[in-house]
Amino acid sequence: MISSVLMLIGAVAAWVLYRTASGLYTNIALAKASGLRYFVVPVNPITPIAQLTAPVWIAIWKLVVPKKYWEDVVDVCSPDWQHKKLHAPFEKMGETFVIATPSRMMMYTDSAEVIHQMTSRREAFPKPTETYGILTMFGENVVTTEGTIWRMHRKVTSASFNERNSAMVFKVAIEQAQGMVDYWIRRDTTQKIKSMEEDTMTLALNIIGYVGFGLRMLWPGQTLPGDADPKMSKYVSLDVPAGHTISFKESIARTLKYLLVLLMTPTLIIDYLPIKILKLSREARDNYTQYMKEFLRDKAEDVRQGDKEVGMDIMGSLVATSYQDEQSKTKVGKGAHLKDSEIIGNAFIMFLAGHETSANVIHFTLLELANNPAAQRRLQKDVDTILGGTDPSTWDYDQSVNAMMASTIGAAMNETLRVMPPVVEVPKKVSPTYDQTVTINDQKHTLPRNMYIGMIVSSVHRNPRFWPGKPSKIRDCPHDLDDWVPDRWFRPSFNDVTSVEGADTEDFGGYAGPDTSASMFHPVRGSYIPFSDGARSCLGRRIAQVEIIAALAVIFQKYSIENAVDDWASDEEIARMSRQEKADLYQRATRRSRQTLREASSLITLKLKGDAHVPVRLVRRGEERFVDWVE
Ligand code: HEM
Ligand SMILES: *[C@@H]1O[C@H](CO)[C@@H](O)[C@H](O)[C@H]1NC(C)=O
Ligand SMILES: *[C@@H]1O[C@H](CO)[C@@H](O)[C@H](O)[C@H]1NC(C)=O
C-alpha cells in the first residue's frame, strides 16, 4: 500500500519535473529566437497561485539558483511590482525583455515604440481575455470579449460616448462636486477630512450612476428634487426600498469593494459559509443583481411606451437598441442585439472601469495639490481667469472645457495620470494563431504566438528617453520624473515616432480627438498610456477627463486644500508660530503624505494601501494658514 503511494508520488514528481524541464527547454529556444534579451524564471509569475505564494517560491529560487540568474529579473516577479519599481527594472534589463517560464512566455516593455506597435495592431496583439474570465460575473461585456463579439459590444456601448453626453457629464460632475463640498462642510464644521478616499469614491460613483443609468444620486443629507422621476427614486435614495436589505448605492459600492472576494471564492462557499465578509459580499451581489433586473424591466417599459431618453444613460440606450422593434433601429445596425445578461454585464463593467479609476485620480490630485502649494495657487489663478466668480451651475461646457484642459487644471490631471496611473499595466498577448514581429531600432524580432505582453504604464511614464526631466526639487536626484510636477506639461516636446506598418485604420468609437493641445508638451506616441491606446483604448477617457477637471474647478474656485498638521500641533500652537516654524511643520505633513502616496498599491487599480490615508483640511480661500504662501 505504502509503496504504491510512494510510487505514485514519485511518478507525479517525475512528470512535473519532466514538464517543467521540457517547457523551459522549448521556451528558452523561443526566447533565443526572438533575438531579445531574455531571462529564465522557474514559475509563471502572473498566475493567481504564483502571486499568492510569491514569497515562498521566490525564496526557494534564490536559495537554489546562482544569484546572477535572478538578481535582476526577480524585481518583476512579485505581485504589485509596477508602482514599487517604476522604471528601474528596465534600466537594468533593457526597455523590452522576454521571460521564459516552464509554461507561458512573457514580454515586458516600457518602450514607447514597442507599445505603439502593440496598441495599433489589434489583431496581431489582442487582449488576453482568458485572464479576464472573472469579470464576466454579471455577463459578457466590452472588456471581457475579443474579435467579432467585442466589435459588437464596442459598437453598441460606444454610441453613448459622444460630445453631447460629455457636456452632460460636465454638468452632473459640477453638481456632484458641489454636493461633496457641501457634505464636507455639513459633516464637520472645522472641515477636517480624515481621508478623502471614501468621498471621492462616492463622487465618482454618483457620476457614473448618471453616466450608466441616468440617475441623479444623492449625498447624505440631500433630498430628492420635486421633479424627480418616481420610478427612479428607489435607486437614487439612500433609503432601502421594499424587497431589498441595502440601498442601490450601497449594493454597487460594496460589490466593487469586495469584488476580489466575490471573484476568487467559489459560489458554494460564498453562499453557505457564515463568515462576515462573505455575508456582506453575498448581500451586495444578490441585491445588486436584483436591482439590475428591476432596472432593466423599468427601462424596457420606458422603451415600449416610447419614452424619449434624456441625458446620458448607457443602460437605457443599450436596452433601447436591444428592445426597439426592427424598423425603428437607426443607431446601430442589425445583429447588434445584446442579451439581457450582456446589458447587465456592460452596465457593471462601466461601474467597475469608471468608478475607482476616476475616484483615485481626483483623490491623488487633491493630495498632490496640498503637497505642492505653488501649483495649487497657479491652478486657482487659472480657475479665476477661466471661470471667475461665476456660479458653477452656469459653467458652459463648450465655452470652458478646452481652456480648462489646457490650463494648470488639465496639467494637474495629466500629471497625476502620469505619476499615479490607476491601471499600472495594460495586458496584451501575441495572436494565438500566428507568430508576430515587432520592430526595434529597425530590427525585426519574432514574438511567439500566445506570448503574454505586459505594457508597464507606471514605467514608461518615467522612461527618460521619452520624458524631458529637470533636476528634482524635492529629492536628491538628477531628474524629476518621479515627482509630481504639473509644470512639465508646458515644457517643449520631443519629436514623435514614425507610423506603424499594418496599423488599424478603422474607427472603433470613443473619443478620437487629440491627446494634448499642440502648443503644450506632447508625449511621444506610446509613452503616455493611462487610458491605453488604439482600438482597445478606454471608452470613458473623455468623460473621465471632463469629470476630473470639473470637480477640481468646483473645489478650488472657493476653497484650498491643506495637509492636516493636527498630529504635531494644535491650532493655538500654530497661531503662535513663526513663519519658519510653520513652513517646517507643513513640510513634515507633506513628507508624510508623499511617503503614503509612494506606498500605494494596486490590486485592481492603484490606490492607497490598506487603511493608509492622508488627512487634510478644506479651507475657504483667504483663510489659509499655509498654502497661500508656503513654497
Ligand atoms: C481616470 C479614469 C480612467 C482610467 C485611467 C481608465 C483606464 C483604462 C484603461 C487603461 C483601459 C484599457 C484596459 C485594458 O486594455 O486592459 C480602459 C478600458 C476601458 N475603460 Fe477606462 N479608464 C478610466 C475611466 C473610465 C470610465 C469613466 C469609463 C466608463 C464610463 C471607462 C470605460 C472603459 C471601458 C468600457 C474600457 C474597455 C474598452 C475596450 O476594451 O474596448 N473607463 N480604461
Ligand atoms: C439582499 O440581501 C439579503 C441578505 O443576503 C437577502 O436576504 C435578500 O434576499 C437580498 N435582496 C434581494 C432583493 O436580492
Ligand atoms: C491634458 O490632457 C488633455 C486631454 O488629453 C489635453 O486636452 C490637455 O491639453 C492636457 N493639458 C496640458 C496642460 O497638457
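Just the protein heavy atoms count here, and of the accessible area of the chain at 1.4 Å, carbon and sulfur take up 55 percent.
Each eigenvalue of the Cα gyration tensor of region 118-167, multiplied by 5 and square-rooted, gives one semi-axis; in descending order these are 22, 16, 9 Å.
Remark: relative contact order (the chain) = 21 percent; criterion is Cα-Cα distance under 8 angstrom and separation of 6 or more residues.
Counting only protein chain heavy atoms and rolling a 1.4 Å probe, the accessible areas of His445, His522 rank, largest first, as His522, His445. Given a cut-off of 22 Å, what percent of all Cα-Cα pairs of region 524-615 lie beyond it? More than 22 Å apart: 56 percent of the Cα pairs in region 524-615. The residue list Gly534, Thr20, Val56 was ranked by how far each Cα lies along the charge dipole of the chain toward its positive end, using unit charges on Cβ atoms, and Thr20 comes out on top.
With the charge dipole of the chain set up from +1 on Lys and Arg Cβ and -1 on Asp and Glu Cβ about the Cα centre, the Cα lying farthest toward the positive end among the listed residues Ala284, Leu215, Trp395 is that of Ala284. Around the Cα centre of region 152-353, unit charges on the Cβ atoms of Lys, Arg, Asp and Glu (plus for the first two, minus for the last two) sum to a dipole of about 380 debye. For the listed peptides 614-620, 353-359, 265-271, 62-68, a ranking on the average number of other beta carbons within 10 Å per residue, highest first, reads 353-359, 614-620, 265-271, 62-68.
Over the C-alpha trace of region 152-353, radius of gyration and Dmax come out as 18.0, 60 angstrom. On a per residue basis, region 478-631 carries 48 Å² of accessible surface, using protein heavy atoms and a 1.4 Å probe. Normalised size of region 227-282, defined as Cα radius of gyration per 2.2 N^0.38 Å with N residues, equals 1.37.
Taking packing as the residue-averaged number of other Cβ atoms within 10 angstrom, the listed peptides 477-484, 531-538 run from highest to lowest as 531-538, 477-484. Applying D = kT/(6 pi eta Rh) to the chain, where Rh is the Kirkwood radius over alpha-carbon pairs, T corresponds to 37 °C and eta to 0.692 mPa s, the Stokes-Einstein value obtained is 124 µm²/s.
The figure for Arg462 is an accessible area of roughly 10 square angstrom, using a 1.4 Å probe on the protein chains alone.
Among the DSSP helices (H) of the chain, those spanning at least 24 angstrom by Cα along their long axis with an average Kyte-Doolittle hydropathy of 1.0 or more are 2-34; this is a geometric and hydropathy rule only.
Normalising the average separation of contacting C-alpha pairs (under 8 angstrom, six or more residues apart) by the number of residues puts the relative contact order of region 2-138 at 28 percent. Bridging of Lys558 to lysines at a Cα separation below 30 Å is possible for Lys171, Lys192, Lys194, Lys249, Lys381, Lys473, Lys582, Lys607, once same-chain residues fewer than 8 apart are set aside.
Sorting Thr505, Thr416 by solvent-accessible area of protein heavy atoms yields Thr505, Thr416, largest first, with a 1.4 Å probe. All Cα-Cα distances of region 2-138, cut into 10 Å bins from zero to the largest, leave 10, 32, 37, 15, 5, 1 percent in each bin in turn. What region 152-353 shows is 46 Å² of accessible area per residue, with the surface traced by a 1.4 Å probe over protein heavy atoms. Calculate how many DSSP beta bridges within the chain are antiparallel, expressed in % of all such bridges and rounded to the nearest 5. The antiparallel fraction comes to roughly 75 percent. Mean sequence separation of contacting Cα pairs (under 8 Å, at least six apart), scaled by the length of region 475-631, corresponds to a relative contact order of 21 percent.
The values are calculated or read from the model by the stated rules, or taken from the named source; none is laboratory data. Model, not experiment: these values are computed from the prediction. Counting neighbours? That spans all protein chains shown, and the Cβs are built from the backbone with ideal geometry, glycine included. We work out accessible area using only protein heavy atoms, side chains counted, and drop any ligands, DNA or RNA first. Shrake-Rupley method; radii C 1.70, N 1.55, O 1.52, S 1.80 Å.
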